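Asker: Next up is a structure, given as structure tokens.
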Amino acid sequence: EKYDVLGLVLKKNGHIIKTPYRHDKAKRIIEVSSVASGEYEWSISAFIAGHDISSRERRRFTILPIPPLPAPVFVKNKMVKTIGVEYLMNNRSIHFEWKAVKDASYYVLQLENLDTGQIVKTVSDLKNTFYDFSEIEKLNIGKFNFKVRAVSILGAGNVRGGYEGEYPFEIALPKLEDLEVKDEEYYGY
């Protein structure tokens with residue numbers, strides 16, 4: 001049909017929502033860039049010579065919620081559960097590694113002290129599937145939890161989060177009064 005002005009009327013829960021759209025007159029289509037999950041109703045408004053020739057037909061569609069990305073799976077044979085004196089003598093960092101999550105754009109990680117509830121470290125835009133925590137001086141004797149989750153960028157500023165993978169570990173060092181220090185050996189924590 002001929003028209004002078006054409007527009008999209010899009011409603012969610014009975015309320016008109018404003019969303020950018022692209023109209024291709026030659027193909028007679030209107031494309032909406034991105035909308036959140038929910039139930040929608042749409043119709044076409046059109047005018048010719050000032051007269052309303054809008055469609056009276058209403059159509060509905062549903063956008064289902066996008067499920068979260070799965071939790072990352074740790075590569076446990078490359079990680080340590082209990083960190084003691086021997087480990088600290090030979091390593092300057094604690095290595096964490098996980099398998100890549102399909103569709104992940106980046107990873108968010110957090111290291112938490114389970115005894116105090118303190119967040120020791122947060123990294124929010126990691127592209128790698130491993131992390132070497134080198135600030136060992138921030139840790140003390142006790143239990144810790146390393147958490148990582150995948151995030152996917154969907155476009156138009158939207159992101160898809162994921163479930164957290166958790167890896168508990170422990171810093172197990174002898175108490176200072178039980179420590180036997182030999183000549184030219186140093187002990188740090």
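The values are calculated or read from the model by the stated rules, or taken from the named source; none is laboratory data. Just so you know, these numbers come straight off a predicted model, no measurement behind them. Positions of Cβ are generated from backbone atoms using ideal geometry, with glycine treated the same way; all protein chains shown enter the neighbour counts. The area values use the complete protein model at the heavy-atom level, side chains included, leaving out ligands, DNA and RNA. Shrake-Rupley method; radii C 1.70, N 1.55, O 1.52, S 1.80 Å.
Asker: Which cross-chain or sequence-distant (5 or more) residues have an amide H under 5 Å from the amide H of Ile53, H modelled 1.01 Å from N in plane?
Answerer: Ala46, Phe47, Ile48
Asker: Under a point spin-label approximation (7 Å from Cα along Cα-to-Cβ), what is the Thr82-Lys143 distance to one decimal in nm?
Answerer: If labels sit at Thr82 and Lys143, their model points lie 1.5 nm apart.
Asker: Given the convex hull over the Cα atoms of the chain, what projected area results after averaging over all orientations, in nm²?
Answerer: With the hull built on Cα positions only, its mean projection is 16.2 nm².
Asker: Rounded to a whole number, what % of the accessible area of the chain do carbon and sulfur atoms account for, probe 1.4 Å?
Answerer: So the carbon and sulfur contribution to the accessible surface is 51 percent.
Asker: Please work out how much length the chain gains when fully extended from Lys121 to Phe47, using 0.36 nm per residue of separation minus the C-alpha to C-alpha distance, in nm with one decimal.
Answerer: So the chain would gain 20.8 nm between Lys121 and Phe47.
Asker: Calculate, for the chain, the solvent-accessible area per residue in square angstrom, rolling a 1.4 angstrom probe over the heavy atoms of the protein chains.
Answerer: Normalised by residue count, the accessible surface of the chain is 69 Å².
Asker: Gap in Å between the Cα centre of segment 157-174 and the Cα centre of segment 56-97?
Answerer: Segment 56-97 and segment 157-174 have Cα centres separated by 6 Å.
Asker: Can you tell me how much longer the chain between Ser55 and Asn13 gets when fully stretched, taken as 0.36 nm per residue apart minus their C-alpha distance, in nm with one decimal?
Answerer: 13.1 nm
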